Amino acid sequence: MDLGISGRRAAVAAASRGLGYAAAAALAGEGVHVALCSRDPDAIAAAATSIGHDAVPLTADVSTANGARGFVDAARDALGGIDILVTNAGGPPPGDFSSTRVDQYLAALELNCLSVIAMCDGAVPAMREQQWGRVVAITSIAVRQPIPQLILSNTARAGATGFLKTLAREVAGDGVTVNSLQPGIHDTPRIRELYGGELDARDAGIPAGVIGRPEDFGRVAAFLCSESASFVTGTAIPVDGGAYTGIL
């Protein structure tokens, strides 16, 4: 299926590995010119080389609003513009209400909420001017179904989702779509760090019976950036093998 986005320009945050890398690779495979970032210059250089398609590696720390905006500015300079923005960042440390200090929420909000807002602030105005744009935010299924011991992530990503839904309605008439993807358990370094050892789909309560593959997630992200998805906006889509138990 031709997604109709060959030649477009995409900035993909936190993409040296995991789901960010998968999204960048899927977009590049569709002929999109991709700029991707990480705090580690060696890791992002290796990721860009692996992706190929003249992917541009950028060193940036998107855990702060200033760093996130700086990445968008650098990606625009490198690509000559941004048509597609994929927001992403690592997760905050685990913990529950009793073990989490109030000041830790501030850092988590900047990491997983304010960074999203800053990236959109840097990229969306130009998308509106050109009457075409795609924003895809990688959040978490925790927005719908809070995950125990991840109170910081549950809180911050829910805030980002509220922002994205509001933004989607404001820019829909300008040809810009804004959606988020809510991954469940995929075989990524972050998930292995959180859960350790071998991942078992049955123990994790995944009806599909398998752990998610990052490359499949990346293809979903790429589709949301396609011409065919131009009428899909303001959505928050679980990609979790059926693990989310709610009706809506």
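The values are calculated or read from the model by the stated rules, or taken from the named source; none is laboratory data. Everything numeric here is computed off the predicted structure, so don't read it as measured data. Here the Cβ positions follow ideal geometry from the backbone for every residue, glycine too, while neighbour counts run over all protein chains shown.
Scanning segment 154-168 for residues that are buried (at least 21 other Cβ atoms within 10 Å of the Cβ) and not small (G, A, S) turns up R157, L164, L167. Answer with yes or no whether I147 is surrounded by 19 or more Cβ atoms within 10 Å (Cβ to Cβ) and free of Cβ contacts under 8 Å to residues at least 40 places away in the same chain. No. Take A74 and decide whether it is at pLDDT 95 or above, in a helix (DSSP H, G or I), more than 23 Å from S226 (Cβ to Cβ) and out of contact with any Lys or Arg (no Cβ under 7 Å at 6 or more places or on another chain). Yes, satisfied. Restricting attention to segment 39-61, the residues that are touching a Lys or Arg at 6+ places or on another chain (Cβ under 8 Å) and either acidic (D, E) or not in a loop (DSSP other than H, G, I, E, B) (or both) total 4.
Scanning segment 79-106 for residues that are assigned to a helix (DSSP H, G or I), surrounded by fewer than 17 Cβ atoms within 10 Å (Cβ to Cβ) and not aromatic (F, W, Y) turns up V102, D103, Q104, L106. Quick one: in segment 83-138, of everything that is of a type in the set (K, R) and free of Cβ contacts under 8 Å to residues at least 60 places away in the same chain, which residue is farthest from P189 (Cα to Cα)? So, considering only residues that are of a type in the set (K, R) and free of Cβ contacts under 8 Å to residues at least 60 places away in the same chain, the one farthest from P189 (Cα to Cα) is R128. Report whether or not A126 is aliphatic (A, V, I, L, M) and farther than 23 Å from N179 by Cα. Considered against the rule, which asks whether it is aliphatic (A, V, I, L, M) and farther than 23 Å from N179 by Cα, A126 comes out as no.
Within segment 61-78, the residues that satisfy the criterion of being surrounded by fewer than 24 Cβ atoms within 10 Å (Cβ to Cβ), over 20 Å from T161 (Cα atoms) and of a type in the set (A, V, I, L, M) are A74, A78.
Listed by first and then second residue, the pairs linking a residue in segment 1-23 that is part of a loop (DSSP other than H, G, I, E, B) to a residue that is of a type outside the set (A, V, I, L, M, F, W, C) and modelled with pLDDT under 95, with Cβ atoms under 6 Å apart and 6 or more places separating them unless they lie on different chains, are R17/P189. Pull up segment 107-144, narrow it to residues that are closer than 25 Å to S6 by Cα and charged (D, E, K, R), then point me to the one that is surrounded by the most Cβ atoms within 10 Å (Cβ to Cβ). So, considering only residues that are closer than 25 Å to S6 by Cα and charged (D, E, K, R), the one surrounded by the most Cβ atoms within 10 Å (Cβ to Cβ) is R134.
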